[in-house]
Structure formats: structure tokens, C-alpha cells
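Everything below concerns the one structure shown next.
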Amino acid sequence: MNKDLSLLHRYPFEKLAELLQNLQPPQHLDAIALSIGEPRHPAPQFVIENLIAHLHQLSNYPSTKGKQELRTAIASWLARRFAIDPALVDPEINLLPVSGTREALFAIAQAVIDRRCDRPLVMMPNPFYQIYEGAALLAGAIPRYLDCLPENGFLPDLDRVSADEWSRCQLIYICTPANPTGAVMPPEYLRRLIELAQRFDFVIASDECYSEIYLDENAPPPGLLGVAAAMGNDRFDRCLVFHSLSKRSNLPGLRSGFVAGDARILEKFLLYRTYQGCALPSATQTASTAAWLDESHVVQNRTRYRQKFEQVLNLLSDTLAPQKPQAGFYLWADTPLPDTDFARRLYAGQNVTVLPGRFLSRAHNGSDPGENRVRMALVAPLDECVDAARRINRLVSDL
């Protein structure tokens, strides 16, 4: 067996199941899950119909590079959404369809990390999506955790990284809008990160799968490629972005997304993926094309999330008082007692599940940025989210 498998941590939801396993929630209360970030809004009917209409394509092997019409639709969306000159986003060389961002975020580390280097680093936010850490460990690299704290607007503090660490860095994962904090990296922050990547020769993997869920319709979050193009980095050197239909279009089961950016990296990444065997089924590609070409369902999706945030934040204002996120569908809230105790009490007393913050973070240098916080995913229907907020208030009032 690969010895590096022993370095992997248990997944957060395994830890949560163990934490709650001996508890009996009240049977008169329906279970409400705020613990997992699985969209529960309806999938667009036109995408479902498109998928069904093209199931005959299952008789053909799909192309790893993806269909021309899918890549063209993605390139058009990417240029339009992030105000990039369409001529800079070549669907032949600047993007690849992927089986959801999770698969591609893991695979990119296996493709770009040079194991011959001494103690290569992969940097990542802390707390973080655990795929980043697992990808780094199985690529033979060392994770370097960048704490995301309130005093820095929940953004990784780049000033706490030494020049020696930057020189050993081969890859940095960023997440904007962030899971779980909802923080958005402003253009000046992304510009500085690109300058560091150029200076120290590392790759930026920007996880932007929450970019289309934001609370101000007039202020969409910026993206790494848009900032790169604006600063004259027309070839997107060392820059990759990862997008998905899971959150944007409520299609987590379709397992469809894309990676875009530096053509030199993507050329080698395509070679890697040809061996990995992860091509999107042809019917999935056709249905995905339809999803990327439509924005009306995405606007409707954002409207639903805004309604939930407005009501839930109002209800919790006198108890947990979570900060309103800039984007995404999570609340990252302080707890009045240790996060694991809070999660147990909430489940045992109110039949509501949340994810303890320390299950999403790593303790280092004597502190843990996830400690005494919980992540709440507002993915359930509006009435369930409101009910959950009221139950949280009952628990806090009883403490």
C-alpha cells in the first residue's frame, strides 16, 4: 500500500457521525441537517430533460478533452462573467471539463508537484476543504496551513509566510468565496498572490465553486483569471481556476465542472487525465452545455439563498450573532461552549446537525482557527432553515 495513505485524516463527516453516534434526538422534532454543503434546491428542469434526451450517447466513449460545444460554452461564460477579453480564453487550450471540482482539485496536485524537490510545500487556507490536504499528502508534499482569522477578514495572512517557505511552495490552494467563512478575496489580494507566484514560481489553484452564490446582485465576487488578465497576465501564467455546476446550478449529482487558465499546465494536466480515466459522459457534457448557457436559473437560485440569509441572520442576531458572509451559503458562527459540545447538545436537544469548526481545520502553533465555531449550511428549504434557527435560539437560551 502507498505509505502516504496513513497520513490522511478522517473525513469531517466521519468525525461528526462518531461524535453523535450515542445520542438520541427528540423524536417529535424532524431532523434538520445544516452540516453538509449539499445544495437542496431543485435541479433545473431543462437540464434534466436535456440529460434524458441524450442518454443514447452512452453508447459512445467520451472525450477527456470534452466536446467542442461544451468548451465553447464554458469559455464564453468565463469571459463574460469575469470581464475577460474573449480572445484570451481559447477553448482549445485554456480549459478542460472535469468531473466536479473535488476530483480536479485533488488531481492537480498529483500532476504539478515535483517530488524530486526537497520538502515541497502546498499552502492552503485554515480552515479548509479537506481535499486540499489529502491531495498534498498523497502528492508527497507538506501542507502549510494559513490561518483565516477575523482580524484578517478571514483571509489567509500572506505576511506570515517566510521567503524560504515561498521558495519551497509549489502549489497554493485558495477558496474564494471561502468555505466555510464566506470571505471573498478582493482584486488587490489576488493581484499580490499572482505577483508572489511569478516571483517564487508556484501554481495557484483557485477553488471558485461558490462564486455564483452572492448576496449583492450588483457585486459578484472577482475571480483569479479576471484579475490576472487585468494586470496584463494574458496567458494566465501559473493561474488555474476551478468551477462547478454543483452549487451554481444545484447539480451536485451531475459531477460536472471545469478547470481553466495556464495552457502550459493544462496541456500536461490533460495528459495526466487521459491516463486517469475521468472523462465526463457525453450526455453529461451535453446537459452541462445547456446549464452554462443559461443564467436565469442561477439568479433564481441566489434569490432563494438571500431570503434564507435574511431571515436566519435576523433570528440569530441576539444569540450566536453570526457575521453575514460576503458569499457562499455557509454561516461561520462562534459558539458559547466548545464547538463539539455545542454540536452534541444541539443534536440531542433539538435534532439539528451542524459541523464543528475544528473538524474543518488543523491546530498548529498553539491555536486552532476552527475551535469554538460551527459551520451551518443554509441549503435546506427556507422553512427548515428558519425552524433550525429557532431551535438554536432555544438551545442557547437554555444554556
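Among the conditions (1) touching a helix residue (DSSP H, G or I) at 6+ places or on another chain (Cβ under 6 Å); (2) surrounded by 19 or more Cβ atoms within 10 Å (Cβ to Cβ); (3) within 30 Å of Glu195 (Cα to Cα); (4) not acidic (Asp, Glu), the only one that Gly328 does not satisfy is (1). Being out of contact with any Ser or Thr (no Cβ under 9 Å at 6 or more places or on another chain), aliphatic (A, V, I, L, M) and under 30 Å from Asp164 (Cα atoms) holds for only one residue in Leu88, Leu137, Leu78, Leu95, and it is Leu137. Residues of the range 332-339 include at least one that is under 19 Å from Pro125 (Cα atoms), of a type outside the set (Lys, Arg) and crowded, with 22+ Cβ neighbours inside 10 Å. Residue by residue through the range 164-197, note down the ones that are in contact (Cβ under 8 Å) with a residue 60 or more places away in the chain and assigned to a helix (DSSP H, G or I). None - no residue of the range 164-197 is in contact (Cβ under 8 Å) with a residue 60 or more places away in the chain and assigned to a helix (DSSP H, G or I), so the list stays empty.
Criterion first (modelled with pLDDT of 95 or more and surrounded by 21 or more Cβ atoms within 10 Å (Cβ to Cβ)) does Gly349 satisfy it? The answer is no for Gly349. Residues in the range 71-87 that are touching a helix residue (DSSP H, G or I) at 6+ places or on another chain (Cβ under 6 Å) and of a type outside the set (Phe, Trp, Tyr) were compared, and the one that is farthest from Glu267 (Cα to Cα) is Ala83.
Quick check, is Ala321 in contact with a Pro (Cβ under 9 Å, 6 or more places away or on another chain) and either within 18 Å of Ser397 (Cα to Cα) or modelled with pLDDT of 95 or more (or both)? When the stated conditions are applied, Ala321 does not pass them. Would you say Ala343 is touching a Leu at 6+ places or on another chain (Cβ under 7 Å) and among the small types (Gly, Ala, Ser)? So Ala343 fits the description; yes.
Pairing each residue of the range 370-399 that is polar (S, T, N, Q) with any residue that is modelled with pLDDT of 95 or more and crowded, with 18+ Cβ neighbours inside 10 Å, provided the two are 6+ apart or on different chains, yields C-beta distances under 6 Å for Asn372/Thr335; Asn372/Asp339.
The values are calculated or read from the model by the stated rules, or taken from the named source; none is laboratory data. Owing to the predicted nature of the structure, the values given are computational and were not obtained by experimental measurement. Please note: Cβ atoms are built from the backbone with ideal geometry, for glycine as well, and neighbour counts cover all protein chains shown.
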